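The values are calculated or read from the model by the stated rules, or taken from the named source; none is laboratory data. This structure is a prediction, so every number in the text was calculated from the model and none was measured. All Cβ positions, glycine included, derive from the backbone under ideal geometry; neighbour counts span all protein chains shown. Note: accessible area is taken over every heavy atom of the protein model, side chains too, but ligands, DNA and RNA are not part of it. Shrake-Rupley method; radii C 1.70, N 1.55, O 1.52, S 1.80 Å.
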Amino acid sequence: MPIRLWNTNLKVRLFGEALFNMLFWMYFPFITVYFGAALGNHIAGILMTVPPIFSIVGSLLGGALADRLGRRPVMLLGASLQTVMFALFALSPSHWTDYAAFIGIGFGGAIYRPASSAMVADLVPVQERRQVFATFTTANNLGAVLGPALGAIFFFQHRQELLWSCSFVLLVYFILIYFIVRETLPASANSPERSDSILQVFKSQWKGYGIIFRDKVFLVYILAGIFALVTIMQLDLYLAVYVIDYVPSQTLFSWNGHSLILSSTEILGWVLGLNGLLFVLFILPVTKWFRNWKERDVFVLSSLLSGVGTFALGLNTNIWFLFFVTIIFTFGEIVRSPVTQSFISHYAPEHARGQYMGADSLQFTVGRLLAPVTVFLSAWVPPMGVFGIILLSALISAVLYILLFRIYVEKRHS
């Protein structure tokens, strides 16, 4: 589906989310390093396990409210909360206020995402969803090309200006949602009990989530995603710590007696930038290449590529070798991204799409909860030991994805 044929809601979201992600990638990859330098890696590893807990609550809350109140008001709530939290981060007088603001930013984003994904599913026919989700992924990763390289400078030297820019962009995006975006909640999802008390509403929503999590297919899908994402999320967690602590400054290339020498922090920025560039260049072509592949095979391939690629990072500290294995694990991430969103969008029943999207995001939030364990363990375990744990997580996810589709096929034929 060409972008010119998209609904206005989708065009506004594509523009707003792409712009915000440009700034997002200028600060997010360096958060763990920032708190590690201020408080120590072992404390930073523990602290990074807390924000995902708030994200879990935010995702479930956002998904439930998206089905009851509508997609648009929940998106407005999430965007406004992030705007305020970025301003707090910019004004923060201490590292602990920074941390509280960081948690608030994640909470606001978690509320926003299920409603945002549900809106895409509301507006796009099933056969077009994988391509549309891939387009959003491309736009969201445009900023990942230059963001990390610029963030290596701006986050540490001009942090306040960067954070104020994030707050301003989100404020503009909030205004665009308010004035342009229209509601897409399907009529079948509207609840007649509008007079229910808040307590009754939440009891009803939690009951709905109870039904979702008794769905064996969905539960195995979430578990497989958690183990896969523990591997993928190391890009801005243990990878950042490893590159800065173990990869020495080195020459990228030389010409006419001159050399471009990169520090450890700059190497990290280049690795992250390469990751983003690959996403931008290949997410749409890869989606087309794999459009006839079974979803099971795509998920398994993703887990194996990301696991092997991340493990290989510990084998050599040469910058060009790091670039090579970055290509491997990035392609593991690329192939799974659109398939994940399209799978859950067609699996979820229309009347509970927001709740399923909210529950689906648990794989990201629980993965983010568990992924920082590698940073915590790095205080005692050598790099290859940590990378071995990451590889094991990827292999477990591959096995679970095979099991998932076996159960899924049996359920469809029962």
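Scanning region 47-105 for residues that are under 19 Å from F155 (Cα atoms), small (G, A, S) and under 18 Å from the mean Cα position of the chain (by Cα) yields one hit, G104. Determine whether region 22-29 contains at least one residue that is more than 27 Å from I175 (Cα to Cα) and out of contact with any Cys (no Cβ under 7 Å at 6 or more places or on another chain). The answer is yes; a qualifying residue exists.
When V33 is tested against the conditions (1) at negative phi; (2) surrounded by fewer than 23 Cβ atoms within 10 Å (Cβ to Cβ), the lone failure is (2).
For region 93-110, enumerate the residues that are open to solvent by less than 30 Å² (accessible area, probe 1.4 Å), more than 19 Å from S345 (Cβ to Cβ) and not charged (D, E, K, R). Reasoning before the result, please.
Looking only at region 93-110, we keep the residues that are open to solvent by less than 30 Å² (accessible area, probe 1.4 Å), and these are 98-99, 101-106, 108-110.
Now restrict to residues that are more than 19 Å from S345 (Cβ to Cβ): 98-99, 101-106, 108-109.
Those that are open to solvent by less than 30 Å² (accessible area, probe 1.4 Å), more than 19 Å from S345 (Cβ to Cβ) and not charged (D, E, K, R): Y99, A101, F102, I103, G104, I105, G106, G108, G109.
Per-residue answers, yes or no, for (1) within 21 Å of G151 (Cβ to Cβ); (2) in a helix (DSSP H, G or I):
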position: L219; (1), (2): no, yes
position: P248; (1), (2): no, no
position: L260; (1), (2): yes, no
position: L272; (1), (2): yes, yes
position: F279; (1), (2): yes, yes
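For the condition touching a strand residue (DSSP E or B) at 6+ places or on another chain (Cβ under 7 Å) and either open to solvent by 10 Å² or more (accessible area, probe 1.4 Å) or outside the structural domain of R72 (by the TED database) (or both), I319 qualifies.
A quick yes/no check of all residues on (1) surrounded by 22 or more Cβ atoms within 10 Å (Cβ to Cβ); (2) modelled with pLDDT under 90; (3) not assigned by the TED database to the domain that holds L223:
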residue	(1), (2), (3)
A371	yes, yes, no
F376	no, yes, no
L391	no, no, no
L395	no, no, no
Y408	no, yes, no
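If the condition is being open to solvent by 70 Å² or more (accessible area, probe 1.4 Å) and free of Cβ contacts under 8 Å to residues at least 12 places away in the same chain, then region 378-389 contributes W380, P382. Taking region 154-186 as the range and being touching a residue at least 24 places away in the same chain (Cβ under 8 Å) and farther than 22 Å from L91 by Cβ as the test, the residues that pass are L176, I177, Y178, I180, V181, R182, E183, T184, L185, P186. With the condition kept exactly as written, say whether any residue in region 287-308 is modelled with pLDDT under 85, closer than 30 Å to G63 by Cα and of a type in the set (S, T, N, Q). Checked region 287-308: at least one residue is modelled with pLDDT under 85, closer than 30 Å to G63 by Cα and of a type in the set (S, T, N, Q).
Checking the stated criteria, G45 turns out not to satisfy the condition of being open to solvent by 10 Å² or more (accessible area, probe 1.4 Å), assigned by the TED database to the domain that holds Q157 and either of a type outside the set (S, T, Y) or touching a helix residue (DSSP H, G or I) at 6+ places or on another chain (Cβ under 8 Å) (or both). Does A79 meet the test of being in contact with a Pro (Cβ under 7 Å, 6 or more places away or on another chain), assigned by the TED database to the domain that holds R113, in a helix (DSSP H, G or I) and at pLDDT 80 or above? No; evaluated as a whole, the condition is false for this residue.
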